[in-house]
Amino acid sequence: MFHNGEQFEELELAYAGRTSVFSGRFTLPLVQVDYEVLDIRITASQAETRNFGVGRQSVKLVPSAEEGA
Amino acid sequence: MRAQSTRVVVRAVSCDAKIIGSLVGGCRISVRERDSGEVLAEGLQLGGSGDTESIMKTPRTRGATVFDTPGAACFEATLDLAEPTPVEIVAEGPLAYPDALQLAGKSTWLLPGRHLDGEGLVLTLHGFIVDVIIPASVDVLGSRQAVEIEAGVRLL
């Protein structure tokens with residue numbers, strides 16, 4: 001997990017109980033201004049079959065009311 | 001030497017899984033003359049992902065048909081060849097998932113009138129499609145918020 005280009009979190013996703021779906025939880029850092037960006041990068045690997053993959057997503061962040069004031 | 005029609009079948013498959021079919025956007029296939037780089041044929045591999053029983057469950061024996069079943073995706077072209085031609089055949093896909101796009105290629109000789117069909121020339125692409133399901137790209141998240149993350153992971 002990257003916030004404004006800086007990594008702040010790394011976690012291992014666990015099987016979510018549905019076929020091929022994995023999940024986890026994390027807490028966002030302090031957001032100071034509108035339009036800060038959360039970049040999510042998820043890697044998947046299965047060494048025994050030589051299969052590797054990456055998924056990416058970017059999400060807009062906003063401060064809470066008091067932090068943005 | 002007189003030119004003769006020569007059929008070429010190419011099949012891009014996922015490593016440890018089935019054929020890369022229309023469900024994931026298919027694959028782009030190109031057949032080039034190896035020395036000059038001239039494109040002899042190109043197009044899309046579209047269709048079904050093949051027969052699960054023959055691809056995933058039946059132990060493979062020499063000469064067995066694994067991929068060439070009804071509806072199974074492949075790319076097929078007919079070339080007019082006047083002489084033995086060295087070619088390079090490349091597959092790129094799955095086209096619906098840019099982050100998962102992979103490439104595989106092989107070189108071979110094509111001989112006039114000697115069809116490369118049936119199972120075809122099989123190209124194996126390695127990789128996973130990783131979809132971030134939650135959060136969605138249109139979501140807006142707040143400072144210090146606890147966030148649920150969910151991803152779908154499947155072979156190409």
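Readers should treat all values here as calculations from the given coordinates under stated rules, not as data from a laboratory. Nothing here was measured: the structure is a model prediction, and the numbers come from that model. FYI the Cβ positions are ideal-geometry reconstructions off the backbone, even for glycines, and counts take in every protein chain you see.
Before moving on, here are some points about what is shown:
- When only alpha carbons are used to place a centre, region B:20-81 and region A:23-48 end up 37 Å from one another.
- Footprinting exposure proxy for A:Met1, B:Met56 (fewest neighbouring C-beta atoms within 10 Å first): B:Met56, A:Met1
- Per-residue Cβ neighbour rank within 10 angstrom, fewest leading, B:Cys74, B:Cys27: B:Cys74, B:Cys27
- Region A:1-68: GluC sites (Glu not before Pro) falling in loop per DSSP and having at most 13 other Cβ within 10 Å: A:Glu10, A:Glu12
- Contact order for chain A, expressed relative to its length and based on alpha carbon pairs under 8 Å spaced 6+ residues apart, stands at 30 percent.
- Considering only the protein assembly as shown, percent of DSSP beta bridges that pair antiparallel, nearest 5: 85
- Counting only residues at least eight positions apart within a chain, or on another chain, the lysines with an alpha carbon under 30 Å from that of B:Lys106 are B:Lys18, B:Lys57.
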